[in-house]
Structures are given as structure tokens and as C-alpha cells.
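Working notes, beginning with the structure itself.
The values are calculated or read from the model by the stated rules, or taken from the named source; none is laboratory data. As the structure is a computational prediction, the values presented were derived from the model and not from experiment. Here Cβ is always computed from backbone atoms with ideal geometry, including for glycine, and neighbour counts include all displayed protein chains. For the accessible areas, the whole protein counts, side chains as well, though only heavy atoms, and no ligand, DNA or RNA atoms are used. Shrake-Rupley method; radii C 1.70, N 1.55, O 1.52, S 1.80 Å.
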Amino acid sequence: MTRTGAIVVALAVLAFATAAARAASDTAPVVERLEIRNLGAGRLDESFVRMHIDTRAGSRFDRAVVSRDVKALLATGRFTRVDVSLEPLANGVALVYAFVNKLTLTAQPKVTGADHFSESEIRDLLGLKEGDRVDDAVLGVAARKAVKEYRDDHYPEATVSWDIRETDRAEGLCRLAVMVDEGRKAHVKNTLFTGSREVEARDLRRAAGQRSRWNPADWLARWDWFPWWKRGYRPEEFDAARLAIRDLYLNRGFLDAVVGDPQTETDADGRIIVHYDIQEGRRYRLGTATISGVKLFPESEFLGARGVIRLAPGEPASFSAIRNAGEAAREYYTARGYLDTMVKYALKPDRSSGRVDVNYEVKEGALTRIGNIGIRGNTRTKDKVIRREVLVCPGEIYNETKLRASERRLMNLGYFQSVRAYPAGGEAPDIRDMVFDVEEKRTGQFSMGAGFSSVEKLTGYLEVSQGNFDIAGRPFTGGGQKAKLGIQYGQTRRRYDLSFVEPWFLDHRLLLGVDLYLSEVDYDNYDIDRTGGAVRLGRGLPGNNRVELTCRLENVRTRNIADTNDYTVLKTGDPYSFLLNENVMENSIRLALSHDTRNSPFFPSSGAHAMIFGSLMGGPLGFDTELYGVGLQAGQFVPLWFGHVLSVFARGEVVDSYGDTEETPISNRLFLGGLRTVRGFKYRAVGPKAARFDAARNEEVHRPIGGRTLAIATVEYSLPAHPELKVIRLAAFHDIGNAWLDPYDFDFSEYAQSAGIGLRFNLPQFPIRFDYAWPLHKDDPRTDTERFSFSISYGNF
């Protein structure tokens, strides 16, 4: 058929359909009368009904229009049911709309049978209040919400029923009674496995999410006095556990393994025992790995000792290893520009020998270059801010590894809820445009609150920050800079900060930071005020390393000295006075090299952080104080099992004066003792001291004066207090360290040592920690102890 003939046929079909529809409309009955009837309780507002329907008297009956009318009326939420019927008349039909109204609550629902949740909590879950319209459908939806909350809290048998009682039929009023049957709270006592011979039960329990018998939280769960630690019953979790158990078998070479659906039984105390029936099948080992379809590269790039497919014959046939090897082969192609390459694998098991051969079938794609790079979804963030984080450029050969790295870099900026990079069409078959689709999130914050610690007492804070600031734009967002105004005001510490950070100074990957601050700290014997500013330059280095140079100029003032008497340094017998260096200007530079692989800067559970630094004050920089300092610190976080973490931290530092500065000012000395240093001792109490004899009280008075050498080490072991509340952690720790009077005087025969336990609430924006420590060894008999310490703030460790 020619193109002209096809068009003629299409027009003829369209004309026939239009004529048929018109004929059907012409034969439909005329709606002579529109009737509205009330079949239930309450009043019916006819004007409200007519306002929501399109059918009118005198028009022909149209089923589609009437269907829309019914949907519109039900959508108003006033009616339980809307019925439509036709009644014949002399010259047409009467169209009848019949309604059943929902009833109106005259009071809050009355709740009975609830114990786990209060009556008010049940009402909140139902979402019903006086004046709401209800029927069985509304209550069914509301009841399901309440039942879900119960089941989430381990009440699998909970039910919610209701009774609607009319109180005024004419007005359509009612009262509602809600009956809750909570059932018994279910806890999991044990998980049992039948048919498992080759895999140990402890490995199966671990895959199923059951705690080890050596977990302290599991010990607590054995007694009814600690119901919080008990493992609750959620059927959907056991279905997920079944899949996890099967994955365990597959990854150990049991390719025919079958794990049955979980079966449960309840003991006399109402505790749940979960059973899994397992058919392990034979355990396979890897035979020969082959690859087909490879034309562009030598097969040795994929197979062999140096190939990306690293499957050793004789090893257990791990399903995940087989799958990951195929993905590695695909990534080999996509990292070299062959975008549409596909790699499939086929298993050839030999049940008699227990060997499984694997063949990877490759369908090679064409070499692809990158065309244009487009940015979508950014309404505030400038394109420039996004493009400078992208590792690919137009004209380059496509590299999927760089694309995924670009996605991670963009997510790490903190500006986006999601980032997705994908290829789109291009101007030629071998050219593909790249699209970075971003979803922005809020980057400005206003926060205020209060903190408390055993050292700083009560402290309030206010902070206004913008993580995607633009100092030259309007409305000051989208430039990729950071700005913050912070105020901290407390009983012993006041601080006011204004900071600005440009991460791409002069369009290079060079961080520029400017800080202005005023700080006031009240110690027991004196107060120290600092007013100044700092300029920072930082740059990232390969291997998670970073170098940063800080130039600082500040005024340091010592005031409110409580004791102006002459003291004697205990170790040397030299005279000492707290009146030294009352008001000085200090100019310093500090160079630091750091390495950071932690998974979180605030609550790390893996990785390491290390830093080495040196500082110079005065001398060629001028002003009043001449000092230098060197130091290093390192922390390692080792994830163990079931969320347990072993943390190790060590720090060493030396500070000393030179030139015209004969004595290191007390504001620059090193102190230990108290929270986040050597716990179990009073704040700043560990280290050198000066003393005098108070004749009026006939006793010696001693005060810490700080040291010029410091060393400290901490080991902490922490675990989740509950498997479903991982932000709450129990901890045990050991601290050891000291500050010595002279520079480079690491005299490890003098040290303070303690051990203790702690409780951590790792809540974002509101972290809380409690520590109780027992002093094991004092650096000096005069060192004061303080066993309990707590804080509401982020820590340095």
C-alpha cells in the first residue's frame, strides 16, 4: 500500500469511529429529571452535590460523565457510598443519585485495652478527633496504622476493632469506641537450624542477625529486668534472614542449597523459637574459568595470575566471587571506553566430581568518546561548582570508573540529596553525551541549643551556617563556599566565631579559610581571653592525605588571677608566679600534614586518622612571644563483630620558648586530666604543679602549671547497647599519660593511669557521653581525682 493509500484508510477509520460515537450518543435517553436522595443518617446538602457533578437535566445520559461524577463525590470525603440508578419516565429517564453520609464524631474516640501505648498515643496513631467524618473504611485504614506500630514494637498478635454508635440520626452524629487487643509481646529466644552439617550454627546465627552468646547485651537479655535488650519478633526480618542464610551457603560453594521458610513456635513464657530447614546439597569447588567473545584485548588480561577474573581452581565456588569477577571484566571494558559491553556467566556444575566450570560470555561494545557534559537539577548550585568536581572531559574516551568517582565527589560536597551520572545520545554513534542529574538539598542551617559537661558546666550555643555560600552572588548561595557565624555562651566558656571557606581559591584545588574569633575561658585560678584571626591554606594530597598552613595573629590576656602569691615549682624548687605574661600579642604559623580514612568524622567505626604538625611563634614573625612546638597524634578504629569497635589513640607534643621569651606562658602550656584525656582525674590536674604553704590554714596549696612535654594513649572498646539502637553504645577504656615540666622530657616512670566504663549516645547534633573511671596510678601524690565525667558535645577522640 502506498503512503497516500494508508492516509486515506486512516481517515476513513477515524470518520467511521466518530460517526459511531455520535450515533450512540443520539440514541442515549434524555435525563428529564435529576434526583438526589439520602439513604443514611444526617442532612444532605443538595447544592453541594450539584456543585460537584457535571450531569444536568435535559442532557443525554452519558455513562462516562456519571462515572466521573461518582468519583468526584466520593473524593470529597463526605460520603460512604454513592449509588446511581435510572428510572423510566414518559419522554426519558430520571437519574437518581443516592447517598449514605459518613457520620461525624461528637467527641474524641474512647480507647480501651491499650497498655503498651497510651490512649492519647492510640488517638494520634488513628489520626481521628472530634468533628472528623468516619465510616468503616476510614477506621479500617486508621486501625492498620495502629496495628503496624504495635507489630513494629514486637506485638505480632495485636488487633484493633471499633464500634460506631449513632447519637443523633437526624444530624448524622456518632461516638466511636476503639478496642485494642495487644496480645503478648513476643521476643526471640533462639534460632535453630535443621539439616545444617557443613556450616556451623554460629555462622548461620550471625547471618540471621542473632547476637553472639558472648555479647554482653545478650547476657542482659536473658533476664526480664532488661526487656530493652531483648530481640523482638518481626516476621519480615526472618524472611530477610532466610535470604541471608541462603547467600551464606551460595558464597561457600553450596550452589544447590535450599533454605525453607522460617517456622516459629512459642514456649510457655511466650518467647519465640525460629526454625529454618536447610537442604545443603553438595559443596562445589571451582574448576576451569573460560571466556569467550573477547576480540579487542588478549585473553591474558582476563584470565591467569594477572587477569581481572581471579578464580583459583579448587577454591570454594563462591557465588559472589563468580559474579564479582564478571563485573570486573565488564569494568575492564568500560574503563577503556567500551561503553555498551555486556558480560554474562554460565555455570557448568559436575555433580559427580563436585567441580563447577565457569564461562564468561562477552559482548563487546564500541569504543565511545564523551561528547557534551550536561548538568540537570541544579537550581541553586552553579554549574561551575559541579563541573570542577567532575573527573571526565568532553573528547575523552569514556571511563565509567571516573564517572562513579565523580558521583562520589559530588555527594561528598553535601549539597545534593542524590547524584546520578548516565550516558545520553550524541552527535555520532561513537559519541555519547554525559548527564549529571542532581537533586539539591537544603544547605543552610540555623541551630540553637544547650550543652552540659562536668568541666564546662552549662553552655548555650547559636549557629547560622551556609554550606553552599556565594560571597559575590545574590542571594548568597550556590558558589560552593562555606560561611558560619557561631556563638557559644556558658558558665566557664564564651566564644564568638565568624568563618569563611573557599575550597577552590583562584580556581585551583586550594582551600582558603578565614577565621575571626573572641574566646573567654574561666579556669579555677585564672581566666584567659583570646581575640584574633587566622588565615588557612590547605590542599588535598594523594592517598587521603592533606597539608594545611595556618597563620594566626591574636591577643592573649590573662585576667582574674585568684592567687597572686609566690609559688615554688615542686619538681625543681624554682619560684613561680601566675602574674607572668598578662597581656601579649602572638603571631604564629602552623604547618600540619594529616591522613584520614575514617568513615565518619564524628562517630567513626573504621579507618584511621593521623597528623604531624609543627608551629613557630614570634622570632621572624615579630610581636611579644617566641615559642615553637612539634607534635603528632594518631587514632585507629577497628570494626570487629556485631558493631563492636576497638579504638586506639595516641598523642605526643612538645612546646618550648626561645629567644627573648624565657618562660613558656601558662596559656601555651600542655595540660592533661579529665574528659577525653586521662579520665578519673580532675580537669588539667595531671602534670607539673607549683605549691606554697598557707599559714592561715596551716596546709599546702598546690596548683597545676602545665608542662612542655605531653604524651597520652587511650584504648577503648565499644559495642551497641541494643542491636536496634546502635546510636547507644557501651564502652570500656584505659587511659595513660602525663605532662612533664621540661621539653623533650618523656619520663615514663611518671605517669597517670586509669580504667573505666562509659555510655555513649551518638545522636546527631546532640551527642552525650558518660564516663566513670578508676584511677590506677598517679603521676604525683598531690594529683586530684574525679571519677565521673560527662558532656553533651562532639569530642576530639
Could you list, in sequence order, all residues of the stretch 682-715 that are closer than 25 Å to F637 by Cβ and surrounded by fewer than 20 Cβ atoms within 10 Å (Cβ to Cβ)?
A713, V715
How many residues does the stretch 90-141 contain that are farther than 30 Å from V30 by Cβ, open to solvent by 60 Å² or more (accessible area, probe 1.4 Å) and aliphatic (A, V, I, L, M)?
2
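Filter the stretch 648-705 down to residues that are part of a loop (DSSP other than H, G, I, E, B) and either of a type in the set (D, E) or farther than 21 Å from R559 by Cβ (or both), then give me how many there are.
Filtering the stretch 648-705 down to residues part of a loop (DSSP other than H, G, I, E, B) leaves 658-665, 669, 671, 673-679, 682-685, 687-688, 695-698, 705.
Applying the additional criterion that residues be either of a type in the set (D, E) or farther than 21 Å from R559 by Cβ (or both) yields 658-660, 662-663, 673-679, 682, 685, 687-688, 695-698.
The total comes to 20.
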Some residue of the stretch 371-394 being open to solvent by 40 Å² or more (accessible area, probe 1.4 Å) and on the phi > 0 side of the Ramachandran plot:
yes
In the stretch 37-61, anything surrounded by 14 or more Cβ atoms within 10 Å (Cβ to Cβ), more than 18 Å from D135 (Cβ to Cβ) and of a type in the set (S, T, N, Q) is listed as T55, S59
Do we have R679 as modelled with pLDDT of 95 or more, basic (K, R) and surrounded by 20 or more Cβ atoms within 10 Å (Cβ to Cβ) here?
no
Among the candidates I561, I528, I589, which residue alone is more than 24 Å from R692 (Cβ to Cβ) and not polar (S, T, N, Q)?
I589
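Restricting to the stretch 142-152, give me the number of residues that are open to solvent by 50 Å² or more (accessible area, probe 1.4 Å) and in contact (Cβ under 8 Å) with a residue 40 or more places away in the chain.
Going residue by residue through the stretch 142-152, those that are open to solvent by 50 Å² or more (accessible area, probe 1.4 Å) are 144-145, 148-149, 151.
Among the residues that remain, those that are also in contact (Cβ under 8 Å) with a residue 40 or more places away in the chain are: 151.
Count: 1.
Here are some residues: A346, A325, A305. Which one is open to solvent by 70 Å² or more (accessible area, probe 1.4 Å), without any contact (Cβ under 8 Å) to a residue 40 or more places away in the chain and either in contact with a Cys (Cβ under 8 Å, 6 or more places away or on another chain) or hydrophobic (A, V, I, L, M, F, W, C) (or both)? Steps first, please.
Working: A346 fails: open to solvent by 70 Å² or more (accessible area, probe 1.4 Å); A325 fails: open to solvent by 70 Å² or more (accessible area, probe 1.4 Å).
Among A346, A325, A305, only A305 is open to solvent by 70 Å² or more (accessible area, probe 1.4 Å), without any contact (Cβ under 8 Å) to a residue 40 or more places away in the chain and either in contact with a Cys (Cβ under 8 Å, 6 or more places away or on another chain) or hydrophobic (A, V, I, L, M, F, W, C) (or both).
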Members of the stretch 62-89 found to be surrounded by fewer than 14 Cβ atoms within 10 Å (Cβ to Cβ), under 16 Å from R33 (Cα atoms) and aliphatic (A, V, I, L, M), listed by number
L89
What residue, among those in the stretch 530-577 that are over 49 Å from the mean Cα position of the chain (by Cα) and without any contact (Cβ under 8 Å) to a residue 40 or more places away in the chain, is most open to solvent (accessible area, probe 1.4 Å)?
P575
For the structure I just gave you, tell me whether S465 is closer than 30 Å to A685 by Cα, in contact with a Lys or Arg (Cβ under 7 Å, 6 or more places away or on another chain), surrounded by 16 or more Cβ atoms within 10 Å (Cβ to Cβ) and not charged (D, E, K, R).
no
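Where in the stretch 345-445 are the strands (runs of 3 or more DSSP E), entirely inside, with at least 2 residues that are under 24 Å from the mean Cα position of the chain (by Cα)? It would help to see each step written out before you state the result.
Values: elements: 355-363, 369-376, 416-424, 431-440.
So the answer is 416-424, 431-440.
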Does the stretch 735-757 include one or more residues that are within 29 Å of G460 (Cα to Cα), free of Cβ contacts under 8 Å to residues at least 60 places away in the same chain and not aliphatic (A, V, I, L, M)?
no
Return the pair list, or none, for Cβ contacts closer than 9 Å from residues in the stretch 385-413 that are over 25 Å from N599 (Cα atoms) and in contact (Cβ under 8 Å) with a residue 12 or more places away in the chain to residues that are part of a loop (DSSP other than H, G, I, E, B) and polar (S, T, N, Q), at least 6 apart or on different chains.
V392/N399; I397/T368; Y398/T368
Taking I612, is it open to solvent by 70 Å² or more (accessible area, probe 1.4 Å) and hydrophobic (A, V, I, L, M, F, W, C)?
yes
